[in-house]
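Enquirer: I have a structure I would like to understand better, so I am pasting it below and will then ask my questions one at a time.
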Amino acid sequence: MVNKTIITDCNTVCLVGGAAASPALISAINKRVDALVAVDGGADTLLQAGLTPRAVIGDLDSLSETAREKFAEQLWHIPEQSSTDFEKALTRIDAQTVIALGFTGGRLDHQLSVLSVMRRHAQRRVFVVDEYDVSTLVGVGQTTLHLPAGTRVSVTPITPAKVSLAGVQWPFADQPMEMAGFTSPSNAALGGDVTLMSDAPVLLTLPQEFLPTLLQAVVREK
């Protein structure tokens, strides 16, 4: 079971973690995906929202007894401790696009571990969403988004990269970026096309309501 691919018939899947997520946001994302997959305690989040996951994946140490009984037929227990529950789920889902909801609230170390998994699997299209933001890794090359004036645009390097950003209030070209050096966390769109060029993966973050825009841009560019 450990190496088994659990979901193989979906184009877009939402992984639901145990951090807080409003029923309204879950419902909105549910309309965009082919399946919901709970990651350990995320099963309780779906239970409270009245939704049934296609699968519940993880070491299941954060799962309530109520959710364990309710979703008994969907449980996939992965007991090994060498990976996080997020990585256990991500690597067992064969889907073109993965939306990850309920992974950025609470502990900072958990959020950093999600980013680490995304970096190790940078070829996957993973979009991390919460009530405020949507973030994804954009790879080598050009990504173009059409954004209203004033839209917050954040670019964060996860490894050293040379980046150009145009169509924003503070543009830059061929700028070396790294975590211990230059970052661009609070730029803003001028209105119209925003173009990002990079020679290595960088984390692009927009306000959460621009999830459809980011999905369209990143999926089209890859």
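Read the figures in this text as sums done on the coordinates, not as results from a lab. Because the structure is a prediction, the values reported are computed rather than measured. Cβ placement follows ideal geometry from the backbone for every residue including glycine, while neighbour counts extend to all protein chains displayed.
Enquirer: If you average 1/r over all unlike Cα pairs in the stretch 12-131 and invert the result, what Kirkwood radius do you get in angstrom? Show your work: numbers first, answer last.
Expert: Numbers: mean 1/r = 0.0716 Å⁻¹.
Every distinct Cα pair counted, the radius reaches 14.0 Å.
Enquirer: 7 Å from Cα along Cα→Cβ at both residue 170 and residue 149: what's the point-to-point distance in nm?
Expert: Calculated label separation equals 2.0 nm.
Enquirer: If the cut-off is 12 Å between C-alpha atoms, which aspartates and glutamates fall inside it for residue 162, apart from same-chain ones fewer than 8 positions away?
Expert: 174, 178, 199
Enquirer: Right, another one. Using Cα positions and a limit of under 12 Å, work out the aspartates and glutamates in reach of residue 88, with same-chain residues fewer than 8 apart set aside.
Expert: 40, 59, 80
Enquirer: Using θ = phi - 60° and the Karplus relation 6.51 cos²θ - 1.76 cosθ + 1.60, list the HN-Hα couplings for the stretch 34-40 in order, rounded to whole Hz, with x at every Gly or Pro.
Expert: 8, 7, 9, 10, 7, 10, 6
Enquirer: Taking the number of other C-beta atoms within 10 Å as the exposure measure, put 31, 4, 88, 162 in order starting with the fewest.
Expert: By the 10 Å Cβ count, ascending, the order reads 31, 4, 162, 88.
Enquirer: Between the stretch 40-60 and the stretch 137-197, what is the separation of their alpha carbon centroids in Å?
Expert: Each part reduced to its Cα centre gives a spacing of 35 Å.
Enquirer: Shifting gears a bit: Okay, which of the stretch 162-194 sit inside 17 Å, backbone N to the point 7 Å along the Cα-Cβ direction of residue 132?
Expert: 184-188, by backbone N distance to the label point.
Enquirer: Counting Lys and Arg as +1 and Asp and Glu as -1, each charge on the Cβ, what is the dipole of the stretch 12-131 about the Cα centre in debye, to the nearest 20?
Expert: Details: 12 positive and 15 negative charges, 104 e Å.
The dipole of the stretch 12-131 has a size of about 500 debye.
Enquirer: For the chain, what is the calculated [θ] at 222 nm in deg cm²/dmol (nearest 500), taking -39500 (n - 2.57) for each run of four or more DSSP H residues and dividing by its residue count? Don't skip to the end; give the middle numbers.
Expert: On the way: 6 runs with 52 residues, N = 222.
Result for the chain: -6500 deg cm²/dmol, rounded to the nearest 500.
Enquirer: While we're here: How do 211, 90 rank when sorted from fewest to most other Cβ atoms within 10 Å of their own Cβ?
Expert: With the fewest neighbours first, 211, 90 line up as 211, 90.
Enquirer: Where does each of 99, 158 land when they are ranked from fewest to most other beta-carbon atoms within 10 angstrom?
Expert: Going from least to most buried by this count: 158, 99.
Enquirer: Next question. For semi-axes √(5λ) of the Cα gyration tensor in Å, the listed values are (i) 32, 18, 15; (ii) 34, 24, 15; (iii) 34, 17, 16; which was obtained by calculation from the structure presented?
Expert: The value matching this structure is (i).
Enquirer: Kindly write out, for the stretch 87-99 in residue order, the coupling ³J(HN,Hα) from the Karplus curve 6.51 cos²θ - 1.76 cosθ + 1.60 (θ = phi - 60°), rounded to whole Hz, with x marking Gly and Pro.
Expert: For the stretch 87-99, the Karplus-derived couplings read 5, 4, 6, 4, 7, 10, 10, 9, 9, 5, 10, 10, 9 Hz, x marking Gly and Pro.
Enquirer: Does the stretch 137-207 classify as rounded, prolate or oblate by the C-alpha gyration tensor (a ≥ b ≥ c root eigenvalues; a/c under 1.5 gives rounded; else a/b over b/c gives prolate, otherwise oblate)?
Expert: Here the stretch 137-207 falls in the prolate category.
Enquirer: Turning to a different aspect of this structure: Express the relative contact order of the chain as a whole percentage, based on alpha carbon pairs under 8 Å and six or more residues apart in sequence.
Expert: Numbers: 490 pairs, mean separation 40.1, N = 222.
In percent, rounded to a whole number, it is 18.
Enquirer: Which ³J(HN,Hα) values in Hz, rounded to whole numbers, follow from the phi angles of the stretch 197-209 under the Karplus curve 6.51 cos²θ - 1.76 cosθ + 1.60, where θ = phi - 60° and Gly and Pro get x?
Expert: Karplus values, whole Hz, x for Gly and Pro: 10, 8, 9, 7, x, 10, 8, 9, 10, 10, x, 4, 5.
Enquirer: Something else: Quick one: if you stick a label point 7 Å off each Cα along the C-beta vector at residue 32 and residue 81, how many nm between them?
Expert: My value for the distance between the label points is 3.6 nm.
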